[in-house]
Amino acid sequence: MNIRLRKILEDVFSDLTKTLLVVLTIFIGTFSFSTILNSYIITDREMDKSYQATDPYNFVLTVNGFDADFVKNVENIDNVKQVEPRKTEMVQTDANGNLFETEIYVIDNFEDIKICTFDIPDKDIIPGTYEALIESSSCTVANNHKGDTITIRKDGMDYKLLIKGEIKADGTDPAWMHDRIYLYINRETAKRLNIDNNYYNILFTVKNPELTENTIQSVRDLLEKNGYEIMGIYINEKNEHPNASQMNSIIFLFEFFGILSVVLSAILIVNVISSILKKQTKQMAVMRSFGAGDGQITGMYVLFVVIIAGFSTIIAVFLGKAASKLFSSVIASLLVFSIVDYELPVWAYVAESFVGTVIPVLVSLIPVRKSLKITVDKGLRDYGTTDNRIRGYKLFSKIKNTKVQMGIKNALRTPKRLISSMITIMIGGAILMSSVNLRASLEKTYSDILDAYTFDAQIILKDEYPDEFFEDVLNTEDIESITNIKVKYNEKMQPENVQLIYDNSKNISVLNIKYRQGTNIQEAYLKSISRLEGKTGVLKSNTVMNAEDIYNKHLLTISSFLTFASFLVILVGVISLISICGISLAERQREIGVMRAIGGKNRDIYKIVVYENLFISILSLFLALLMSMPITHLSTDLFGKLFLGGALSKTVSFSGILIWTAVSLMIPVIVSVVNAVRLNKIPVKNMLSYE
Amino acid sequence: MKEQILLENINKEYMDGRNVLNNINLQFEKGKFVAVLGESGCGKTTLLNIISGIDRPSGGKIMFNELELSTMSQKELTRWRGKNIGIVFQFFQLIPTLTVLENVMLPMEFNHVYDKETRRKKALELLEKVNIAECGDKMPQSISGGEQQRTAIARALALDPDFIIADEPTGNLDSKNAEIIISLFRKLVKEGKTVIMVTHSEELAGYTDRIIRMKDGKIQENE
């Protein structure tokens, strides 16, 4: 074997701890990048693909008193590709006394769904009379599954429907997030449930989307000519998944955390490689003394990095693929879309290999070139401890406790490494604190929103009624006040992510009810609904308490995602903290040997090392705290706009500070003690040896 | 009682089977300047490491007065070494983050002797003794090799040990500085200390009271 290659292999295995640290550093950076990049590619591609696969409508006309058989008359209009009538009815599902908002879709022909399609895996589950299909993400809302009977409450009447099967309907709003149930029934069941033909939706796809407006006009003319009253027109201009905006914010975070993890990992690589090369200074000088050129030596150490980086990259890319598969499927399930294809393009593997091998090689050139600047003479006289420059020693010499003084001075011995390490630790801490602050800000904002409600329950009726009507119907001692607001029907029933371009809907009453103090709100609310249902139809209803539950679910999703994404960055920060503690100790092995030789006891050594690492981590902690403030400011603004359409109430959470403080204090102590115990086991004579 | 170190049938065998020390029997008494001479690899440094408790023998017994060192734990050895042995290294091995004065005070702190003020006073006295009192506030890197080695000797004397072990203390110094160090050792011996010094130099060995010549792990001459 080539002697140079053999030397490199020997170096790889001679200090296994440091080699493993480099492997881990490159692995974490590449794994984070790989997971994030792959998840980004898969989710971005599959969300749109799965949405387009459902044949989403281009526009919808809502008409009163529609006869589904009339559809064949509009099919032949120019530019119309597909037409499908689909009545949507809002009812409530009664599960053990709790009411859940339920959206029922009346499907004309389950065997020929043309628009906003979904897969029916087995023809046997096609629902008959008093049967329904349930959208799979709704199953957990009221705990209803295939084979169960679900109780539908409509206009004061209870109807029992057998759940014939579960289906996945990509493109619906996440049921779990809104506490909503989606059911699909046939026309016969709709008739039995007394679902009328008013506000009947007619879904259209077009051949040429550019001519959509003309097509809408033609359809409208035909329907009006045949006596139909158009109540509203929606247009799906964006033609994207309803949750695309949430996805965009996730993608933004993917990009942010992906880049951050690569940068942090690169800094860490420079640190670890520098510390390895520190030990090799003498060997480099020896090789140069007998004629090795700078290029040859650089080549040797680059090969060292290539071997380690290649190994780390293979594992990172492989595990990154598996992790991204898992992570993408979680996002897909949260945002309701299907992933059919987890395949990744070749460029993704190329980019990941670049990050895993080329970046480490490039950044390792910094310490290699720096080491080569040391003269042969100086390199040959390198005995590890005598050549360091001390910064600000005079200031720290005033510290009375010698061990504290030595610890702090040791931390300042390699200022460049100290700064770069502190940057990685600081960013890790700042991201953690900002994530916790963001969560606290969301919590506070939701709590402010809920506090701002001046009512306990909201009931949306199918028609408009005068105030006196409610005085009669809802005349109970539980109620303190009722506010009757009139809004347009379409305003409350408009699907998300589409534009309402024509609104002819009638006014409906929205009742905001405040119950008297001490009243059991859930019971009083159910009583109000039951009284109203005897006289009129209820479109939607909810209590503020339920709204709080829904907010909490939003919060859970956002914070779970944030935790995952920030975890990778925090991990790099923690590894940085571990490595800086380990490296500085390993570098001063001989110095520790000297201290032990002149009477220093194990606990003296522990103390010096612990003080050194605590100094670094406490300094980083303060910097992280400072840095977390602007990050919190920016992230609360961004999240506020994305999720709530406005700024969040900015809150600083002490739990984030406490967690990072605990991490910052515990890790240096643990790592220092573990390393010091390891070093203390090395015989003094070995520590003092020069080679 | 006169302080003494006694080595009986000391052997040192390494993991690879190499026998570095072979049946060594020696006695070191207080107030002597002893040179250990021999070629590289003959076992001189291993012998010093065993005397100072830095290394343990594979066989045999080391006695410090009534105390058997070979049975002591690492912790006990460290305590014993701090109190009774001063070590001077070839490459000085000063702590680069501490001033010259602080380097001398460090063993006192490790061994919890004297209060802070007395430590400073004693350390200054030691620096005066080795003629570098003016370097007290300097950092080790900013003084010459000879001054660094004198600092190392002052540090070795910090706990007033009876024995000074010096491994090639002049190996990294020019002849002028080497002479200063040797005369310093002679001064210490006159004050009643024992200095055991490993050297390659016959000339420097000529200044000592006793020469132990080693070859292949054995004592060749003990005069």
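With the Cα gyration tensor of chain A in hand, give its eigenvalues times 5 under a square root as the equivalent ellipsoid semi-axes, listed largest first in whole angstrom.
Output for chain A: semi-axes of 66, 30, 19 Å.
Can you find, among A:Val538, A:Tyr465, A:Phe455, the residue sitting farthest towards the positive end of the charge dipole of segment A:454-543, where Lys and Arg contribute +1 and Asp and Glu -1 at Cβ?
About the Cα centre, the residue reaching furthest to the positive side is A:Val538.
Using the 10 angstrom Cβ neighbour count as an exposure proxy, how do A:Phe337, A:Phe639 rank, fewest first?
Final ranking by Cβ density, sparse to dense: A:Phe639, A:Phe337.
Can you compute the label reach from A:Arg187? Point 7 Å from Cα along the Cβ direction, backbone N cut-off under 20 Å, restricted to segment A:126-156.
The answer is A:126-133, whose backbone nitrogens lie closer than 20 Å to the label point.
Taking Cα atoms, how many degrees apart are the long axis of helix A:602-639 and the longest axis of chain A, rounded to 10 and kept between 0 and 90?
The two axes meet at around 30 degrees.
For chain B, modelled as a GNM with alpha-carbon contacts under 10 angstrom, which of B:Tyr114, B:Tyr14, B:Tyr207 fluctuates the most?
Residue with maximal mean-square fluctuation among B:Tyr114, B:Tyr14, B:Tyr207: B:Tyr14.
Have a look at the DSSP beta bridges in segment B:79-223 and tell me what percent are antiparallel, nearest 5.
30
Helix-only mean residue ellipticity at 222 nm, chain A, DSSP H runs n ≥ 4 weighted -39,500 (n - 2.57), per residue, nearest 500. What is it?
-19000 deg cm²/dmol
How do B:170-177, A:37-44, B:93-100 rank on mean C-beta neighbours within 10 Å, highest first?
So the order, starting with the most tightly packed, is B:93-100, A:37-44, B:170-177.
Write down the percent of antiparallel bridges among all DSSP beta bridges whose residues are both part of chain A, to the nearest 5.
85
Which number do you get for Rg(Cα) / (2.2 N^0.38 Å) in segment A:454-543?
1.14
Using a simple spin-label model with points 7 Å from Cα along the Cα→Cβ vector, what separation in nm is obtained for A:Arg369 and A:Asn76?
About 7.7 nm separates the two model spin labels.
Please list, in chain and number order, the residues 5+ apart from B:Ile196 or on another chain whose amide H is under 5 Å from its amide H, with Hs placed from the backbone.
Close amide H contacts, sequence-distant or interchain: B:Val34, B:Ile164, B:Ile165, B:Ala166.
Roughly speaking, what is the stretch gain from A:Ala53 to A:Ser333, that is 0.36 nm per residue apart minus the C-alpha to C-alpha distance, in nm to one decimal?
99.1 nm
Could you tell me what % of all Cα pairs in segment A:572-679 have separations over 25 Å?
40
Kindly point out which whole DSSP H helices in chain B project their C-alpha atoms 18 angstrom or further along the helix axis while averaging a Kyte-Doolittle hydropathy of -0.5 or above.
In chain B, the long hydrophobic H runs are B:175-190.
Kindly provide the GluC sites (Glu not before Pro) of segment A:1-100 that DSSP labels as loop, not H, G, I, E or B, and whose Cβ sees at most 14 other Cβ atoms within 10 Å.
Listed in order of number, the matching sites are A:Glu75.
On the Cα set of segment A:18-160, report Rg and Dmax in Å, please.
For segment A:18-160, the Cα-based Rg and Dmax read 22.7, 77 Å.
Any read-out appearing in this document is the output of simple, stated calculations on the displayed coordinates, not a laboratory observation. Source: prediction; values computed, not measured. Positions of Cβ are backbone-derived with ideal geometry, glycine not excepted, and every protein chain shown enters the neighbour counts.
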